[in-house]
Structure formats: C-alpha cells, structure tokens
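Beneath this line is the structure, given in structure tokens, with notes to follow.
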Amino acid sequence: MNCYDRRGNRSGCRLDEDSHVIISYAPSGSTAVAFATYVNDPTGNAEMFAAAVFHKEQDGWRIVRTVPNLTGKSATNVAFKPGSVSFDTEFWRENDSHCCPTGRKRWTVSLP
C-alpha cells in the first residue's frame with residue numbers, strides 16, 4: 001500500500017475506522033489473501049484498494065506477494081485453486097459515480 005502525508009511525501013499506511021480488511025483462507029489453511037480498502041491521503045476521501053498473499057509458517061504469517069496494479073472496489077467470489085487464487089472486483093466504467101461502480105473484473109493471481 002502506498003500512503004502519502006499532506007505534503008505529498010510517502011508515509012506509512014494506517015488502518016483506521018475508514019479502512020476495511022477482508023481475509024480469505026485457502027482450504028488448506030496455509031495460504032490467505034487479504035484485501036484492504038483504505039484512504040491513502042488524509043486530505044481527501046478517495047478510497048484505495050490493495051491485496052496481498054500470505055503463507056502460514058511455524059512462527060506466524062509471512063507476506064509472499066502483493067497484487068500489482070489492482071483496481072476496483074471490494075473483492076467477491078474468492079476461489080483458491082492449486083497454484084492460484086481468483087476473485088472478482090467492481091470497477092468504474094465511464095460515467096459511473098465514485099459510489100457506485102457498475103463494471104466487474106475477474107482477477108487470477110499465481111501463488112508462490
């Protein structure tokens with residue numbers, strides 16, 4: 001996730017009351033994908049959407065990859081298959097208002 005301070009400099013991201021995180025687990029319980037919706041600029045209200053894949057190890061969960069160039073809003077229909085995870089996102093089509101995207105896109109991400 002990339003977040004910025006009021007001067008436009010990169011800063012650490014914080015999850016707050018306006019942030020939402022949803023975690024989906026593979027049937028094996030050893031892989032998970034976390035989807036985060038957050039506001040990356042404290043001066044605005046534009047939401048960002050990010051996802052990362054985690055692998056369970058003996059001492060806890062380790063991030064193994066982020067999902068680059070992810071666009072859209074929320075994730076649904078998450079499905080784990082051997083070597084990949086797929087999910088749908090809502091995305092904005094031309095003339096959609098920010099509140100209400102009408103497009104749908106299916107993403108497939110390889111798992112390390």
Pairs returned, first residue in segment 48-61 that is touching a residue at least 40 places away in the same chain (Cβ under 8 Å), second residue that is surrounded by 15 or more Cβ atoms within 10 Å (Cβ to Cβ) and among the hydroxyl-bearing types (Ser, Thr, Tyr), beta-carbon separation under 6 angstrom, 6 or more apart or interchain, are Met48/Tyr38; Phe49/Thr37; His55/Thr31
Counted residues in segment 77-96 being farther than 16 Å from His55 by Cβ and of a type in the set (Gly, Ala, Ser) come to 2
Looking across segment 62-112 at residues that are without any contact (Cβ under 8 Å) to a residue 12 or more places away in the chain, part of a strand (DSSP E or B) and among the hydrophobic types (A, V, I, L, M, F, W, C), the single one that is surrounded by the fewest Cβ atoms within 10 Å (Cβ to Cβ) is Ile63
Scanning segment 49-76 for residues that are closer than 12 Å to Phe35 by Cβ and polar (S, T, N, Q) gives Thr66, Ser74, Thr76
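The numbers here are math on the coordinates, done by the rules we state, and not lab data. All values reported here derive from a predicted model rather than from experimental measurement. Cβ coordinates were reconstructed from backbone atoms using ideal geometry, including for glycine residues, and neighbour counts include every protein chain displayed.
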